[in-house]
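Comments concern the structure below.
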Amino acid sequence: MASSTTAHSSAAPAAASGNGAASKALIFGIVGIVLTIAGIFVSGGSKVAYSWLTAMTFWTGIAIGMLLLIMIHHIFDANWSTVIRRQFEHGVSAFRWLALLFVPLIVASIIEPSVLWKYFDVNYDLANVGGHGTVGEDVLWTKKSGMLNFKFFLGATAISFLGWSFLASRFRRNSFNQDADGDIKWTRSSRIWSAAGLPFTAVTLSLVVILWVKALDYHWFSTMFGVWYFAECVRGALAIGILIMCWLTTRGDYQGVLTKNHWYSIGMLSFAFTVFWAYVTFSQYFLIWNANIPEETFWYNIREIQASTGEPNQWKWVGMLLLFGHFFLPFFGLISYPAKINQKWMKFIATWICLIVLIDIIYNVWPAKKTPDGDPFPFLALHQLWTITAVIGVGGVCVWAYLKSFPTAKLIPIRDPRIGESLTYHE
């Protein structure tokens, strides 16, 4: 009974939250979107399209990661994460807005099929990207054409967003309704939807990242790409979750709710996915390097060597930044117990992970954009300004969606069967 009383009192501040912060986030989002649109007149539509795709891949990945963490919580019947699950439930409300924000890329591809994905235009001259003939004459495209076409792309993207949005609505409905009546049926429903949703989300996140990002260089082969994106999704979602925990603790909402054990557990999970990302990324690089097959190695070659001069290009140093910044810094930064329970340090690490995940996505997207000499566009150039504005634009809308949802429910799931165990959680 005591834990229930604590839950009720600690949940109260959430309902009192106003819409001022949400309005500010939306204004930031709109400004970012407008500035990105203005970039079309400065740098051209193709470069802005790459920037918008980068932002969409980044923020959609974070939303997918939140959805996965909700389902993992339910499928394992976890107790410690109950008090922070509600924040992920607010976060996944962004899916319908992300779907809407993806529409400009579809429209741009209808107007100019080769603006991003060259395989939409069978008459596209591959000489523009260092190849020979047209896409329609390319034997690799012919073998993959059942998947690499506009109709399949559109259908897969639409089904994925619809499925993610539907799953998000189920979990939000179940969790919020349980606050009102405390019926165990909502927990059972969430477990059933998690059992169905996990394989669906695993398949669709792999499918869309292959279609959106990997197929920018559709000649490339990789069996690890979907798993790489899965790692990025969860790492980004955990980092945002930590930042939300810091924000709500500073505001006072989570006072008396979160303990050192909650911080330690989410820190351990973030540490585990740091190692997982390193394993997946190293495995991909090592297998491609060891096989030394041109159809695979070219993807790394253009990210290391300037084809026109043979000198290292900017992307090589981005790759080194990812090696040390995406693995070594978070690995050693999260390896100790004191680090995981230090909120200021966790806030820094979470912010760094968000930044480095974005750079990793830039590293995977932008080198597909070639200069007339066949070299990838440099990392540090004016066009990355539109990547920043696009990330702010899409991110502002996502934060707005979260903040609009925030006051509609209690801070924590006050009648969840595991809430008592979560409030008194200890290792």
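Rule-based calculations on the coordinates, nothing more; no lab input. Quick caveat: nothing in here was measured; it's all calculated off a predicted structure. Cβ: placed from backbone, ideal geometry, glycine included. Neighbour counts: every protein chain shown.
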_For region 258-388, with +1 on Lys and Arg beta carbons and -1 on Asp and Glu, the positive-most of Q284, M320, L358 along the dipole_ = L358
*asked:* Taking the beta-carbon count within 10 Å as an exposure proxy, list M56, M224 from fewest neighbours to most.
replied: M224, M56
*Give the long-range amide H neighbours of I305: residues separated by 5 or more places, or on another chain, with amide H under 5 Å away, using H modelled in the peptide plane at 1.01 Å from N.*
N313
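Please give the length that would be gained between D77 and N177 if that part of the chain were fully extended, namely 0.36 nm times their separation in residues minus their C-alpha to C-alpha distance (nm, one decimal).
On the way: separation 100, 0.36 × 100 = 36.00 nm, distance 1.84 nm.
Full extension from D77 to N177 adds 34.2 nm.
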*Computed [θ] at 222 nm, helices only, for the chain once each DSSP H run of length n ≥ 4 contributes -39500 (n - 2.57)*: -23500 deg cm²/dmol
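Work out the FRET efficiency for E304 and V103 from their Cβ-Cβ distance, taking R0 = 35 Å, and round it to the nearest 0.05. Present the calculation step by step, with values, prior to reporting the outcome.
Working: r = 35 Å, r/R0 = 1.01.
Using R0 = 35 Å, I get an efficiency of 0.50.
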*Cα-based helix-to-principal-axis angle, 20-43 vs the chain, degrees rounded to 10*: 0 degrees
*Can you give the angle from 0 to 90° between the axis of helix 383-405 and the longest principal axis of the chain, with both taken from C-alpha atoms, to the nearest 10?*
30 degrees
*Which FRET efficiency value, to the nearest 0.05, do you get for N261 and T223 by plugging their Cβ-Cβ distance into 1/(1 + (r/R0)^6) with R0 = 35 Å?*
0.40
*Can you bin the chain into rounded, prolate or oblate? Criterion: square roots of the alpha carbon gyration tensor eigenvalues sorted a ≥ b ≥ c, rounded for a/c under 1.5, prolate for a/b above b/c, oblate for the rest.*
prolate
*asked:* Using only Cα atoms and rounding to the nearest 10 degrees, what angle (0 to 90) does helix 82-91 make with the longest principal axis of the chain?
replied: 40 degrees
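R0 = 25 Å: FRET efficiency of L323 with N292, Cβ-based, nearest 0.05? Write down the numbers at each step before the final one.
Values: r = 20 Å, r/R0 = 0.82.
For R0 = 25 Å, the calculated efficiency reads 0.75.
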_Cα centroid of region 263-284 to Cα centroid of region 136-195, whole Å_ = 25 Å
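Where does the charge balance sit around N301 when Lys and Arg score +1, Asp and Glu -1, over other residues with C-beta under 14 Å from its C-beta?
-3
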*Which of the aspartates and glutamates could be linked to K214 by a straight reach, that is with a Cα gap under 19 Å, when you skip same-chain ones fewer than 8 residues away?*
D121, D138, E232, E295, E296, E304, D360, D375
*asked:* Less than 11 Å Cβ to Cβ from F271, Lys/Arg counted +1 and Asp/Glu -1: what total charge do the surrounding residues give?
replied: +2
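Under unit Cβ charges (Lys, Arg +1; Asp, Glu -1), what dipole magnitude, rounded to 20 debye, does region 33-418 have relative to its Cα centre? Mind showing how you got there, number by number?
Details: 29 positive and 21 negative charges, 306 e Å.
With only Lys, Arg, Asp and Glu charged at Cβ, the dipole is about 1480 debye.
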